[in-house]
Amino acid sequence: MNLRNVGVLSRFDLRYMLRSRETILWMFIMPVLFMFLIGRMTEARGGGGVPTMAVQDHDGGMLAADLCARIESLGYAVQRVDADTTLAKYSRQLTIPGGFTSGVLSGQPQNVEWFRKGSGTESGALDRVRVQRAAFQTLTSVIAIQSEGREVSPATLEELRSRPRAIDLEVVSGGKAFTAPDGFQQSVPGILVMFVVLVLMTTGGVHLVIEREEGLLRRLASTPVSRSEIVASKLVARILVAIVQATFAVLLGTFVFRISWGGRLPEIGLLLLVYGVAISVLSILFGNLARSRGQAVGLGVLSANVLGALGGCWWPIEVVPEMMQRIAWMLPTGWAMYGMHRLMNFGSGLESILIPLLLLSGFTVAVFFLARQTFRYE
Amino acid sequence: MIEVENLRKEYGSRVAVDGISFRVEPGQIFGLLGPNGAGKTTTISCISGLIRPTSGTLNVRGEDMTRGRSEARRSLGVVPQELAMYMEVSAQENLQYWASVQGLSSDEVKRKVPEMLERVGLADRAKDPVKDFSGGMKRRLNLAIGLVHDPEVVLMDEPTVGVDPQSRGHILDLIKERAAAGCAILYTTHYMGEAEGLCDSFSIMDHGKVIAEGTLDELLSQAGDAIQRQTVPEPSLERLFLHLTGKELRE
């Protein structure tokens, strides 16, 4: 194989593909939009960042302040609001009645109102437990200070909050916590993986069809370039497109969406490279099989959506039924997403992506064989 | 320079080319004529390496063209019937690409491409996308792509289809110029007047077979009275062609 020929052909092919406005749109603009929209939609499920608790404090006393401090210490950002209309904008709401501090200190029952949109969900139940816990801690503080014969004051409450606990319960999990990623942590890798399929299948596949329809491949057949060199150059150009797209998405995820790559960028790079090669080979096979430009675009869009949805690009595969998870294990998008989740979210290392890498490599070899066999000049 | 011996190409039970033979010498323009479906394009496709013949020998500059990528391909230029070029990129980029594919070094590409653009009258439009060109300009660029690497053997499949007389004249002048420089040219066309003025000798094909061959004078004398009687005021290649291949329409 003459590498010079492969270089000449692949450079031109890459430039030709990147010149197309459609390619630019689908490589650099649509992924940003999809990452943002899907990230925002899945973030509303309850994940991502510190949850905000809106508090309307009609009391303004020291026990109301202590209750808020306790809530903050349980992992919430307390947002104090003045009006009911403002309060209603938040999904987590707490109303402390007027006279709360004096009422508690005089031993009268007080009603603190807690409201959570979606309180029936798992995270809603967790909120309820935490708010109750904060209320109990405030009441316990009052009892503890009074039992020591001291006066309940902001200073004594503060001192008690900062005092080391007499009993600590240390909880250690029996294994790694496999919380399904959400928000941008899911949408950025998901859209990256799906759009590599979409761009390579449409742009990569369509360009091959155009070259065949317009007699460019027939013309190439009369040159000193061999069939293997042509197929190899088409593959190299498409791999370069995948690298450009993946690099763009990683930069976007890092600097715009501020997601965590789990400290595993080299392993993620390796996984994406092997995945990009697999999809590049698949796009050549699609280009060989498609009979027209319309068919190539249609098949490309259809396959990208099916592979994306079933492979776990749209939503975390960990939350779908077991049967759907098994289907994902049959698809290259599923292998890539499995590896991405392991590396980014579950604290795993290179060993966790060996099976996906092996599957993607086997897929590449099998499809390359088919692509080479089905490649045709006309 | 081009030697075709008993070339045969079958597609299943259909015989596209049935044992044809001819020879094109350096400096010669050889007209391969025939109605649609006669087997001309199949013959050119076999010589250019696009399809493998069923049997027969195909030698270009003494090298067997049926054995993979021979070195002879570097000296082979093909001007296909279709406009095989990248429409979204400029004429200059198209020529640079095809010149590189033909094996020219980057220095040669830098030298040859402007020369060729000048020669086909596209120098002032070199940087424009080809999609904006007229039909004649695209035909001239199609020709330039086939000639940019100075091939010693050129296969031309109807290179003047649908062009205006000016572009046609330009293209034919360039072909004659190449032949005068020693290039062996295999030329197919449906314009008999064009072939008559351009080609030194001919093979006329029909149904995959060569039904007549020789120079124009030889062909006309072979036809004898049959063509002479129909010829008013004088015999021509077009009349001879119709006499040999009939007047019925072909697909």
Subject >> Spin-label model distance (nm) - residue A:129 vs residue A:273, 7 Å beyond Cα toward Cβ >> reply: 4.5
Subject >> R0 of 22 Å, Cβ-Cβ distance residue B:221-residue B:63: FRET efficiency to nearest 0.05 >> reply: 0.05
Original post:
How much accessible area is lost when chains A and B come together, counting both sides, with a 1.4 Å probe, in Å² rounded to the nearest 100?
Top reply: 2400
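Provide A:9, A:331 ordered by accessible surface of protein heavy atoms (probe 1.4 Å), highest first. Present the calculation step by step, with values, prior to reporting the outcome.
Numbers: A:9 10, A:331 30 Å².
Sorted by accessible area, descending: A:331, A:9.
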Original post:
Tell me, what % of the accessible area of the stretch A:331-378 is carbon and sulfur with a 1.4 angstrom probe?
Top reply: 73
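Counting only other chains, what is the mean number of Cβ atoms within 10 angstrom of the Cβ of each residue in peptide B:97-103?
Values: counts 7, 5, 1, 7, 11, 5, 7.
So the per-residue partner count for this stretch is 6.
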Original post:
Per residue, how much accessible area does the protein assembly as shown have with a 1.4 Å probe, in Å²?
Top reply: 46
**OP:** Please name whichever of B:184, B:99, B:160 sits farthest to the positive end of the charge dipole of the stretch B:2-245, dipole taken about the Cα centre and charges placed at Cβ: Lys and Arg +1, Asp and Glu -1.
**Re:** B:99
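Which pairs, out of A:234/B:112; B:9/B:40; B:112/B:138; B:138/B:176; A:234/B:9, put more than 23 Å between their alpha-carbon atoms? Write out the running numbers ahead of the final one.
Values: A:234/B:112 26 Å; B:9/B:40 11 Å; B:112/B:138 19 Å; B:138/B:176 20 Å; A:234/B:9 30 Å.
Result: A:234/B:112; A:234/B:9 exceed 23 Å.
About the Cα centre of the protein assembly as shown, how large is the charge dipole given +1 on each Lys and Arg Cβ and -1 on each Asp and Glu Cβ? Please answer in debye to the nearest 20. Please list the in-between numbers first.
On the way: 64 positive and 65 negative charges, 213 e Å.
Charge dipole of the protein assembly as shown: 1020 debye, to the nearest 20.
Run through the DSSP bridge list for the protein assembly as shown and note the antiparallel percent, rounded to the nearest 5.
Values: 25 of 49 bridges.
Counting DSSP beta bridges with both partners in the protein assembly as shown, the antiparallel share is about 50 percent.
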Subject >> Nearby lysines by direct alpha-carbon distance to residue A:117 (threshold 23 angstrom, same-chain neighbours under 8 apart not counted) >> reply: A:89
Original post:
Ratio of Rg to Rh for the protein assembly as shown, alpha carbon only, Kirkwood?
Top reply: 1.25
Original post:
Of the heavy-atom accessible surface of the stretch B:2-245 (probe 1.4 angstrom), what whole percent is carbon and sulfur?
Top reply: 46
Subject >> the stretch A:145-250: GluC sites (Glu not before Pro) falling in loop per DSSP and having at most 11 other Cβ within 10 Å >> reply: A:148, A:151, A:170
Original post:
At a probe size of 1.4 Å, how large is the accessible area of residue B:183, to the nearest 10 Å²?
Top reply: 10
Original post:
Of the listed peptides B:139-151, B:86-98, what is their order by residue-averaged count of other C-beta atoms within 10 Å, with the highest listed first?
Top reply: B:139-151, B:86-98
Original post:
Can you list residues whose amide H is under 5 Å from residue B:211's amide H, if they're 5+ apart or on another chain and H is modeled 1.01 Å from N?
Top reply: B:204, B:205, B:206
Original post:
Going from the alpha-carbon gyration tensor of the stretch B:2-245, what semi-axes, largest first and in whole Å, does one get by taking the root of 5 times each eigenvalue?
Top reply: 31, 22, 15
Subject >> Interface residues in the stretch A:205-254 - accessible area drops by 40 Å² or more relative to the isolated chain, probe 1.4 Å >> reply: A:214, A:216, A:218, A:219, A:221, A:222, A:223, A:224
Subject >> Over chain A: helical MRE at 222 nm, DSSP H runs n ≥ 4 each giving -39500 (n - 2.57), nearest 500 >> reply: -20500 deg cm²/dmol
Subject >> Residues of the stretch B:83-110 with amide N under 20 Å of the 7 Å Cα→Cβ point at residue B:132 >> reply: B:85-97
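The values are calculated or read from the model by the stated rules, or taken from the named source; none is laboratory data. Just so you know, these numbers come straight off a predicted model, no measurement behind them. FYI the Cβ positions are ideal-geometry reconstructions off the backbone, even for glycines, and counts take in every protein chain you see. Quick note on the areas: whole protein, heavy atoms, side chains included, nothing else; ligands and nucleic acids left out. Shrake-Rupley method; radii C 1.70, N 1.55, O 1.52, S 1.80 Å.
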